[in-house]
Amino acid sequence: MQGRFTEQDTERYYDSHDPLYRAFWDKDGSLHWGVFDDTTGNDFLKACANLNNIMVQKGLIDQNAQVIDLGCGNGNTSIWLSKSTGCRVLGVDLSGVRVQNANDELKKQSDEVKQRINFEKASVTDLPFHDQSFTHAWSQATIYHVHDKEKALLEAYRVLDYGGIFLFDDLIKPKPEVSDNAKKYVYDRLLFDTDFSFDGYQQALEDTGLPDHRGCRPLRASEDKLCPPFGASRRNQRQ
């Protein structure tokens, strides 16, 4: 399914809106959504960090992992991921402005960390990497922006090694039809256009070749608002 927004629309949006996002972005991490529990209380930043830690734990990411961060943005999560686990990370983003921000942030890190991380401008629908290049694919709040979501999932599958794990969170539609206000002020503003329901997302993963999506679950559900799922999907072992 191809959305009505193009890849060029998304690139222009994030290049031009970067100052706005950076005005409220958490300088020590990243703002996406989080998982609230007894350890976080009502602290949103703690909940964001909690989700990151859950994804690392479910994905079994350690110092031996080779991770591609799809939609790395300003690179904060990629850097955190490598510093926290010792893994190697290659972050890609469609926005050249965001990739430059990520490389600027990387320059501030120790030489040891710099050696484990790279950032490149690339489309998640046409990744310039060999098949089975990574043990893990990581994505947060990205695929809903992609004009061809099925192709993005296929590319994530292609670059994963056999037995590799795709860790992601994303947005879906809670119902086929949303209100005009929700469409105008949320969906259109975010260039968000998808047919993916939660069940549809699971089916798309299975169709792609990532059938082990039992970790996928919705974080919350509401009538008109976007509903983020997250999960860990494993590529089958080589037969």
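The values are calculated or read from the model by the stated rules, or taken from the named source; none is laboratory data. Everything quoted here is computed from the prediction, not taken from an experiment. Here the Cβ positions follow ideal geometry from the backbone for every residue, glycine too, while neighbour counts run over all protein chains shown.
Quick one: would you say Val89 is modelled with pLDDT of 95 or more, farther than 16 Å from Tyr14 by Cβ and outside any loop (DSSP other than H, G, I, E, B)? Yes: the conditions hold for Val89.
In the range 147-167, the residue that is surrounded by the most Cβ atoms within 10 Å (Cβ to Cβ) out of those that are part of a strand (DSSP E or B) and either under 14 Å from the mean Cα position of the chain (by Cα) or without any contact (Cβ under 8 Å) to a residue 40 or more places away in the chain (or both) is Phe166. There is no residue in the range 55-78 that is under 30 Å from Lys183 (Cα atoms), in a helix (DSSP H, G or I) and more than 18 Å from the chain's Cα centre (by Cα).
Among the residues making up the range 124-146, those that are assigned to a loop (DSSP other than H, G, I, E, B) and under 13 Å from the mean Cα position of the chain (by Cα) are Val124, Ala141, Thr142, Val146. Evaluating Ile61 against the criteria (1) over 22 Å from Leu94 (Cβ atoms); (2) of a type in the set (Val, Ile, Thr); (3) out of contact with any Cys (no Cβ under 6 Å at 6 or more places or on another chain) leaves one unmet condition, (3). Annotation note: of Val99, Val124, Val89, the sole residue that is crowded, with 24+ Cβ neighbours inside 10 Å and in contact with a Phe, Trp or Tyr (Cβ under 9 Å, 6 or more places away or on another chain) is Val89. When Leu191, Leu205 are checked against the criterion of being at pLDDT 70 or above, closer than 30 Å to Arg158 by Cα and in contact with a helix residue (DSSP H, G or I) (Cβ under 6 Å, 6 or more places away or on another chain), a single residue qualifies: Leu191. Picking from Phe129, Phe134, which residue would you name as being surrounded by fewer than 18 Cβ atoms within 10 Å (Cβ to Cβ) and touching a helix residue (DSSP H, G or I) at 6+ places or on another chain (Cβ under 7 Å)? Going through Phe129, Phe134 in turn, the sole match is Phe129. Of all the residues that make up the range 168-201, how many are in contact with a Lys or Arg (Cβ under 7 Å, 6 or more places away or on another chain), buried (at least 18 other Cβ atoms within 10 Å of the Cβ) and closer than 29 Å to Thr135 by Cα? The qualifying residues number 2.
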